[in-house]
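Structure first, commentary second.
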Amino acid sequence: MDVKISPSILNCDFGHLADELEKISNADFVHVDIMDNHFVPNLALGLPIFEAAAQATTVPLDAHLMIENPDRWAPAYAEAGAASVTFHAEACQAPLRLARELRAQGARAGLALKPASPIEPYLDILNEFDMILIMTVEPGFGGQSFIETMMPKVTRTRRAIEAAGLDVWIQVDGGISRSTIEQAAAAGANNFVAGSAVFRAEDAYAEVEKLRELAAGACQHASI
Ligand code: DX5
Ligand code: ZN
């Protein structure tokens with residue numbers, strides 16, 4: 001399985017955004033967290049910063065919308081150049097319609113689940129999405145601890161994807177670091193968001209490489 005490393009810029013130095021993005025030029029995606037203080041108890045980023053990031057890097061952008069009413073707002077991120085737009089199942093009125101709209105705009109469509117949300121209602125419509133984001137923390141803040149009990153959900157999702165013969169990515173987000181990435185990869189994830197692990201490292205570029213190497217090794221030995 002193809003491993004993707006997607007550093008989150010939530011806690012980067014926004015005064016030097018271009019330099020911060022330059023440090024992770026080896027990433028597969030730049031993960032941009034959008035928060036509205038309604039869906040999650042935090043307010044962070046929005047379209048203007050997203051557009052600035054798009055100008056400042058050639059790495060594709062992965063928008064993670066932690067907002068109410070993504071039906072209304074998500075297409076603007078695809079229009080702003082997002083390679084991938086992920087919205088939360090808990091906030092969306094019409095997930096199929098929105099995923100189709102995003103795909104028609106040329107973006108990958110992602111469906112995100114909070115820790116207490118089950119994958120089961122979506123198992124028959126996995127083909128409508130390019131990625132399922134299984135949150136490994138409660139969304140809202142960087143620097144929280146990885147919730148290991150999400151791993152069975154990752155594995156059930158991977159099995160369903162394989163049984164249907166689909167090429168849907170599984171992203172994990174929250175508490176991903178050198179000490180947790182291998183178990184997430186072994187459980188069936190292939191796209192890894194890491195915020196503090198990358199931006200608190202002395203060498204962010206080297207940390208992306210290290211995380212990729214660990215995940216790739218664990219993917220190879222995964223028996224799902
Ligand atoms: C949390 C965000 C994450 C966050 C991850 O709600 O969705 O993307 O930035 O940060 P770490 O890797 O520090 O848990
Ligand atoms: Zn995120």
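Observations
- The alpha-carbon of K4 sits under 17 angstrom from the alpha-carbons of these lysines, leaving out residues fewer than 8 places away in its chain: K23, K210.
- Taking every alpha-carbon pair in segment 4-222 and binning the separations at 10 Å intervals from zero gives 9, 37, 40, 14, 0 percent.
- Spin-label zone in segment 161-178 - amide nitrogen under 16 Å from a point set 7 Å from the Cα of L96 along the C-beta vector: none
- Between E202 and N26, the modelled labels are 1.6 nm apart [label points 7 Å from Cα along Cα→Cβ].
- Here is how the number arises for the chain: DSSP H runs of 4 or more residues each give -39500 (n - 2.57), the sum is divided by the residue count, and the result at 222 nm is -10000 deg cm²/dmol.
- Each listed q (0.18 Å⁻¹) maps to a log10 I(q)/I(0) for segment 1-81, found by the Debye formula over equal Cα scatterers with no solvent: -0.74.
- Whether segment 31-121 is rounded, prolate or oblate, judged on the alpha carbon gyration tensor where a/c under 1.5 counts as rounded: oblate
- Average accessible surface area per residue within segment 4-222, 1.4 Å rolling probe, Å²: 42 Å²
- Length-normalised contact order for segment 4-222 - Cα pairs under 8 Å, 6+ apart - percent: 19 percent
- Charges were assigned to the Cβ only: +1 to each Lys and Arg, -1 to each Asp and Glu. The resulting dipole of the chain about its Cα centre is roughly 500 debye.
- Taking amide H atoms as placed 1.01 Å from N in the peptide plane, the amide H of V32 lies under 5 Å from those of D62, A63, H64, each 5 or more residues away in sequence or on another chain.
- Inter-label distance, R103 to Q144: 3.0 nm, where each label sits 7 Å from its Cα along the C-beta direction.
- With every protein chain in place, segment 4-222: carbon and sulfur % of accessible area (1.4 Å): 48 percent
The values are calculated or read from the model by the stated rules, or taken from the named source; none is laboratory data. None of these values were measured; they are calculated from a predicted model. Neighbour counts run over all protein chains shown; Cβ positions are idealised from the backbone, glycine included. Keep in mind that these areas ignore ligands, DNA and RNA; they rest on the heavy atoms of the full protein, side chains included. Shrake-Rupley method; radii C 1.70, N 1.55, O 1.52, S 1.80 Å.
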